[in-house]
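**Q** A single structure is presented below for examination.
None of the figures in this text is laboratory data; all of them are computed from the coordinates on show. Computed from a predicted structure; not experimentally measured. Cβ placement follows ideal geometry from the backbone for every residue including glycine, while neighbour counts extend to all protein chains displayed.
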Amino acid sequence: MPDIIQLLPDHVANQIAAGEVVQRPASVVKELLENAIDAEATVIKLLIKEAGKTLIQVIDNGNGMSRTDARLSFERHATSKIKKAEDLFNIHTKGFRGEALASIAAISHVDLKSKQEGQELGTYIKIEGSNIIFQENISTPKGTSIAVKHLFYNIPARRNFLKSNTIETRHIINEFQRVVLAHPTISFSLYHNDNEIYHLGSSNLRQRIVTVFGKKTNEKLVPINEVTDIIEINGFVAKPEFAKKKRGEQFFFVNNRFIKNAYLNHAVTSAFESLLSSGYHPSYFLYLTVPPKSIDINIHPTKTEIKFDDEKTLYAILHSTVKHSLGQYNVGPVLDFERSASLDTPYNFKDKKSNTPKITVNPDFNPFRSEKKQQWKSLYTNINVHNIEVESETVNASLFSEENTTNKTYQIHKKYIVSSIKSGIVYINQNLAHQRILYEEFLENITVKEAVSQQLLFPLEISFNKNDIELIKEIKEDLENIGFKFDEILGDAIIINGIPTGIIESQITIIIEQLLEDIKNDIPNASFSQLDIMAKSLAKSLAIKTGTILNLKEQEEIVNKLFICKQPDLSPFGKTTFITINIEEIDKIFNH
Ligand code: ADP
Ligand code: MG
């Protein structure tokens, strides 16, 4: 048998390595920004074209590279940052693997210009798919400019796998935010298709957070500062009243590197415990400084996960620091942290909100279908309790007029509409059915472009972070088609002067936040699917909730509108909207 093992040619090895390092344009952004920071730049400019698909360029005023280093920097495992294995345990730079530039150059066209302090001429290298096209002298400012063009040009499968420009831009902005928050003293700017998205001057941490997330952020921040033998914690948490329904701005940095860590996240969120209603997430910007030796950043190629030596202790310190700071700033009622809730005297209850009895509702419960023999009495338990927890207050009562005349429907348990039908009986889930109705209405409005809008008496200003503003700009036209009217879209806020009929003004913020979140969490490629998400999201937000009492007229409207829908049997999210039980099935139960 001949020998069959071969060494992979470098360009192939680089392409494979690129798969690990570069998932999307945002990964390139991260690597280039980090290199600029490692080169001690004080001003860093990021230019993006078409969500990074055509151009990602980072221009810095850092140390630059010599002619030889410029060429070497594109070799695999070429790094100036570590020399021996021990250095791995004492990392002070962002990069150290020496893989990024080699990987990026393997899958794109790269133009690098760089000059060191004191040199007369800099160097200019052009590389396409790992091949050096030329290297020549050039006059260029001190520092480095790396332009990455046509990412994945030679890996069509990867290129096709990229998401819409909206999504890829969002990833880039997320990455950019993580970097700029870790380095407030460095000036950063971001241009997308020649529009300036961010211009951040050198500042302190608080100012940086405020410039990134909007003026209103300032009043939300509670400072956190704690120094112990094994960790220093700095930064801010947002006051509980600014917590978000969706996981919002949550940033951990360890030694100025953004990381994700569910365990430490828990340490922070649990410090908010009694201050947040369930389902709300606190925002935080926390900077942990630990000895480099006590962490291992090597476990993940993109380095957002790291391992700590003593996670349990860190957890405890972080938890109590956050809790203490919240108490100190009189943010919540928590002043005496040591006292356990069970020691509260009854008097403490006088100021507390009474707890609504909670009924767990099984939406699939159908007594007629049940295999088990029900205790007949159990069918009646809970029937008199009217405190089913509702997700939000009644939204849409105004959709229907008050009158009622006929008597063909009943509402049971404030969630099902029951009606007698020819074949037997129908149970309609009011919430899911209404979602279906609204979903089809919205889809029609969006596609037919027929806005039904109600003018607001006073225009409403809602703050968003820049990332969300970008997203809103992208979907502005669709939002207008369903009845939103925008007075203005500013850098960190939108001004709305018209809303779709059926929406209550006080709900707009939450509806739009939910909508943005849904769009972010989906992965739409075609523009149609984005419209679809929008219609779904709004339908879900606006549908009559479980727990809303409906008069007969309203019940009838639901029944009638549901059954003229194109697909009445399923909610937009694929849940069953109604069930029918044949009279024969009922007969069977009695004759058995
Ligand atoms: P790493 O950052 O892990 O060392 P990279 O592939 O990202 O590996 O970069 C390789 C080397 O190229 C770096 O170690 C550094 O010496 C040099 N380099 C990259 N970008 C810059 C820059 N913007 N300014 C100066 N030197 C740079
Ligand atoms: Mg690097």
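**Q** Which pairs in the list 126/473; 49/126; 45/246 are over 24 Å apart, alpha-carbon to alpha-carbon?
**A** Numbers: 126/473 36 Å; 49/126 19 Å; 45/246 31 Å.
Exceeds cut-off: 126/473; 45/246.
**Q** Can you tell me the alpha carbon radius of gyration of segment 403-592 divided by the globular rule-of-thumb value 2.2 N^0.38 Å? All intermediate terms of the calculation are to be shown ahead of the outcome.
**A** Numbers: Rg = 19.3 Å, N = 190, 2.2 N^0.38 = 16.2 Å.
Segment 403-592 yields a ratio of 1.20.
**Q** Ordered by residue, what ³J(HN,Hα) values in Hz, to whole numbers, does segment 562-572 give under the Karplus form 6.51 cos²θ - 1.76 cosθ + 1.60, where θ = phi - 60° and Gly and Pro are x?
**A** Ordered by residue, 3J(HN,Hα) equals 4, 7, 9, 5, 5, 9, x, 7, 10, 6, x Hz.
**Q** If I take R0 = 56 Å and measure r between the Cβ atoms of residue 456 and residue 7 in this structure, what FRET efficiency does the formula 1/(1 + (r/R0)^6) give, to the nearest 0.05? List each step's numbers first, then the result.
**A** On the way: r = 68 Å, r/R0 = 1.21.
It comes to 0.25.
**Q** Here's a follow-up. Rounded if a/c is under 1.5, else prolate if a/b is larger than b/c, else oblate: which is segment 463-506, with a ≥ b ≥ c the root eigenvalues of its Cα gyration tensor? Numbers along the way, then the final one.
**A** Details: a/c = 2.13, a/b = 1.54, b/c = 1.38.
The shape class here is prolate.
**Q** Of the cross-linked pairs 239/540; 113/244; 260/545; 220/575, which ones have a Cα-Cα span greater than 32 Å in the structure shown? Show your work: numbers first, answer last.
**A** On the way: 239/540 28 Å; 113/244 44 Å; 260/545 35 Å; 220/575 39 Å.
Among 239/540; 113/244; 260/545; 220/575, the Cα-Cα distance tops 32 Å for 113/244; 260/545; 220/575.
**Q** Additional query: In 5 Å bins starting at zero, report the fraction of Cα pairs in segment 10-202 per bin as a rounded %.
**A** Histogramming segment 10-202 at 5 Å steps yields 1, 8, 17, 21, 21, 18, 10, 3, 0 percent.
**Q** Still on this structure: Listed highest first by mean packing, meaning other Cβ atoms within 10 Å per residue, what order do 78-90, 187-199 come in? If you can, show how the numbers build up before the last one.
**A** On the way: 78-90: 12.6, 187-199: 16.3.
In decreasing order of mean packing, 78-90, 187-199 become 187-199, 78-90.
**Q** Here's another thing I want to ask about it. So if I take the alpha carbon set of segment 206-328, get Rg, then get Rh from the Kirkwood formula, what is the Rg over Rh ratio? It would help to have the intermediate numbers written out before the result.
**A** Numbers: Rg = 14.1 Å, Rh = 14.8 Å.
My calculation of the ratio gives 0.95.
**Q** Here's another thing I want to ask about it. Tell me the volume per residue, in Å³, of the convex hull enclosing the alpha carbons of segment 143-278. Display every interim value, and only then the final one.
**A** Details: hull volume 24.8 nm³, N = 136.
For segment 143-278, the hull spanned by Cα atoms encloses 182 Å³ per residue.
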